[in-house]
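J.: Structure provided below as structure tokens; questions to follow.
Just so it is clear, none of the values below were taken in a lab; they were calculated from the coordinates. Computed from a predicted structure; not experimentally measured. Glycine also receives a Cβ, built like all others from the backbone with ideal geometry; neighbour counts cover every protein chain displayed.
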Amino acid sequence: MSLMRRLTRYYLYYTAGFVAFVVMVALLERTYGAGVWVGYVFLFVTIAIYAVIGLVARTSDPVEYYVAGRRVPPVFNGMACAADWMSAASFMGLAGSLYVSGFDGLAYVMGWTGGYCLVAFLLAPYLRKLGRYTLPDFLGTRYDSNIVRGVGVFSTILCSFVYLVAQIQGVGLIAARFIGVDFSIGIFFGLAGILVCSFLGGMRAVTWTQVAQYIIMIVAFLVTTALVGHQTGTGWLPQLSYGKVLARVEQIEHTLDAQAPEQAVRDHYRQLAMQMQQRLDGLPHSYAQGKTELRQQLRALRQRNAALREVKAVEDKLQAYPRSVHEARDAWTARRNDYQARSQVPQSMTVPFAATDPAARESKRLNFLLLMLCLMVGTASLPHILTRYNTTTGVQAARSSVGWTLFFVVLLYVSAPVLAVLLKYDVLTHLVGQRYDNLPAWVSQWQKVMPAQLEISDVYRDGVVQWGEIWMHPDMLVLAAPEIAGLPYVISGLIAAGALAAVLSTADGLLLTIANALSHDVYFHMLDRQASAQKRVTASKLLVLCVALFAAYVTSLQLGNILFLVGAAFSLAASSLFPVLVLGVFWRRVTRAGAIAGMLAGLGVCVYYVVATYPFFTRLTGFTGVRWFGVDPISAGTFGIPAGFAAAILVSLLSPRPDQRTRQLVSYLREP
């Protein structure tokens, strides 16, 4: 029996078994009632499945470990690549971004899907034809230089590590909500699921696990969307009819914006933003004064034997008070920005580039287009995605794999906007206008999750929830979707399993990409050419463990939301790798000096712009740069990509032509 037929049969059995498992948990929930046990069952059972696949597929053979034996059929490689691709940003962040920003969030959908056209036409077939193990290996071979290889390793590690931090952050959020552990503990809990495949079997174990993970995540997302659509009255295929709900959402939004309570709530947050700005202007005196006032308040409560609850509340405030003037500036700046955002009229889902004046509208339009460009080019540059196409049997199979990848990705991407609209309609109709003494149970559950994912406070003091009084973190929306829609808790467990599959599949690919670049390119090609295959694989496994632990520590610092971290990774990859990859395939004249200059220039410009304009880094360094043309830091690749091309082309023209061997290699790559 052929490999394709055997794999098809195995995964059909697996899918049927998973569906039966979900049905069994649903029956148990109906008999014994919902509870945290549902989350435990889904998360631990799915991780156990991945562990079994990892154990079965363990290997020490270098071809199997690095490229899964180069025998993965296009359909299954497409599923594995889609799972590798659809990270926490796609599964958790995309619908949340569309919920918050409406039309402007479509830049992610168009940029990410459009990037696969560049992958198919410009890179995947040519990378597969050369048949290297890693992306830096391709660069080192094409430019015949270990310096190029080394810069490629650095760029690969940087963009992959930023992306990896976003995935582990998603693991922490899932664990915090569904098994009730602290966010920091949840991060390390997720490492077990991440390491069990990449550590044991390399690319072979990761590939077959990713196929299983894709099945879980797409079943979870489509089933949840269908059930929410049915609850809302749009039928079991809401993708075909959700326009009616979108029109209702728009009408409700316009009605709420004009109401006096909503305007009063926005005025309240505007006042809070002004007060916070006054505290910032008064530093360092305001810091010392605030701390002194809290201490005096605590002393007064203790002297009059106040209620323990009052004393504890002030003690908590004092404990949470910033420990230094620098920390106070960071915390108060973030709080001021949050208040300013909440003082604005909520953005309508259907209005593109909503702004109060023409200049701001044009700035939003520009940033929309530039973000889409960076995501598109970044998709075609991500090392963990491009490496996947080396696992196919040949060039034609690599092209076919890209097509299948796009198909499997689109299944989720056409559903994310639908889910965002349906959930917004649910919130507007079932939460807004609800009395505070009769809030749904899911509100109190999500308010307990730390870091904060949901805030609802009675600002207007009428005992009724106003639209402006609700703040939701975009990353929680999909995880909370079943609870918001009033679905059985088993669906919450299912969506958590899907989110975990999305996070683990991408994290596995990223960890393996970083470790393989270090073991194969740095250790073998640059340090010890005599290292045996067993040594290289062992080194890769140890590096997987070290990188995972370091990434977990960095994640605990909470550098930013998932979508920003992923966007920054795309800009870094696009700036440092895309110019030299494309020029290396399509221009014989590009030289190793040009490649080095292109990677360093593109990466340098991109890193500078992110560090100089992103709030976390400006607070960390104390340096704030000017935003060039008003471009957001997430689109730093706007400047890095042309800088990379310009530097590579200019330096190549000024340096000697490549030798005959290099020109013949490019001709070989370009031949069909």
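J.: Give me the orientation-averaged projected area of the Cα convex hull of the range 423-527, in nm², one decimal.
T.: Approximately 9.0 nm², given one-decimal rounding.
J.: With everything on Cα atoms, drop me the angle between helix 592-613 and the longest principal axis of the chain, reported from 0 to 90° to the nearest 10.
T.: Relative to the chain, helix 592-613 is tipped by roughly 0 degrees.
J.: With Cα Rg over 2.2 N^0.38 Å as the read-out, I listed (i) 1.21; (ii) 1.80; (iii) 0.99; which label goes with the value calculated from this structure?
T.: Among (i) 1.21; (ii) 1.80; (iii) 0.99, the one derived from this structure is (iii).
J.: Students often check this: by mean Cβ neighbours within 10 Å, which of 148-154, 204-210 ranks highest, and how do the rest follow?
T.: Going from most to least packed, we get 204-210, 148-154.
J.: Can you show me the helix-derived [θ] at 222 nm for the chain, built from DSSP H runs with n ≥ 4 at -39,500 (n - 2.57) apiece and divided by the number of residues, rounded to the nearest 500.
T.: Roughly -24000 deg cm²/dmol at 222 nm, from the helical runs in the chain.
J.: Can you tell me which of 81-90, 657-666, 519-528, 161-170 comes out highest on packing, and rank the rest after it, using the mean Cβ neighbours within 10 Å?
T.: Output ranking for 81-90, 657-666, 519-528, 161-170: 81-90, 161-170, 519-528, 657-666.
J.: Tell me the trypsin sites (Lys or Arg not before Pro) within the range 295-328 that lie in a loop according to DSSP and have at most 12 other beta-carbon atoms within 10 Å.
T.: Sparse-neighbourhood loop trypsin sites (Lys or Arg not before Pro): ARG304, ARG323.
J.: Tell me, what HN-Hα J-couplings in whole Hz come from the Karplus equation 6.51 cos²θ - 1.76 cosθ + 1.60 at θ = phi - 60° for each residue of the range 499-505, using x for Gly and Pro?
T.: 5, 5, 4, 4, 5, 5, 5
J.: How much length is gained if the chain between ARG461 and ILE147 is pulled fully straight, taking 0.36 nm per residue apart and subtracting their Cα-Cα distance, in nm to one decimal?
T.: The ARG461-ILE147 span can extend by a further 106.6 nm.
J.: Calculate the length of the line joining the C-alpha centroid of the range 329-355 to that of the range 496-559, in whole Å.
T.: Result: 38 Å between the Cα centres.
J.: Roughly speaking, what is the centre-to-centre gap between the range 410-446 and the range 564-619 when only Cα atoms are used, to the nearest Å?
T.: If we compute the Cα centre of each part, the gap is 39 Å.
J.: Same structure again: So for each of 637-649, 605-617 I average, over its residues, the number of other beta carbons within 10 Å; can you give me the resulting order with the highest mean first?
T.: 637-649, 605-617
J.: Between SER655 and TRP628, how high is the FRET efficiency from 1/(1 + (r/R0)^6) when r is the Cβ-Cβ distance and R₀ = 25 Å? Nearest 0.05.
T.: That gives a FRET efficiency of 0.30.
J.: Using the structure shown, select from LYS317/LYS424; LYS317/LYS364; LYS364/LYS448; LYS364/LYS424 the pairs with a Cα to Cα distance greater than 30 angstrom.
T.: LYS317/LYS424; LYS317/LYS364; LYS364/LYS448
J.: Please give the length that would be gained between GLN278 and GLN259 if that part of the chain were fully extended, namely 0.36 nm times their separation in residues minus their C-alpha to C-alpha distance (nm, one decimal).
T.: 3.9 nm
J.: According to a simple spin-label model (label point 7 Å from Cα along Cα-to-Cβ), what is the distance in nm between VAL52 and VAL23?
T.: 1.8 nm
J.: Could you work out how far the C-alpha centroid of the range 373-398 sits from that of the range 79-106, in angstrom?
T.: Comparing the Cα centres of the range 373-398 and the range 79-106, I get a distance of 19 Å.
J.: Using a Förster distance of 45 Å, how high is the FRET efficiency between PHE586 and TRP236, based on the Cβ-Cβ distance and rounded to 0.05?
T.: That gives a FRET efficiency of 0.45.
J.: Mind pulling the angle between the C-alpha long axis of helix 533-555 and the longest principal axis of the chain? Nearest 10 degrees, somewhere in 0 to 90.
T.: It works out to around 20 degrees.
J.: Using θ = phi - 60° and the Karplus form 6.51 cos²θ - 1.76 cosθ + 1.60, what ³J(HN,Hα) does each residue of the range 129-140 get, whole Hz, x for Gly and Pro?
T.: 5, 6, x, 7, 7, 10, 5, x, 5, 4, 5, x
J.: Shifting gears a bit: I need the P(r) histogram for the range 469-589: all alpha carbon pairs, bin width 10 Å from 0 out to the longest distance, whole percents.
T.: Going out from 0 Å in 10 Å bins, the range 469-589 shows 10, 25, 30, 21, 10, 4, 0 percent.
J.: Can I ask one more? Kindly provide the Kirkwood hydrodynamic radius of the range 304-444 in Å, to one decimal, from all pairs of distinct alpha carbon atoms.
T.: Radius from the Kirkwood sum: 21.6 Å.
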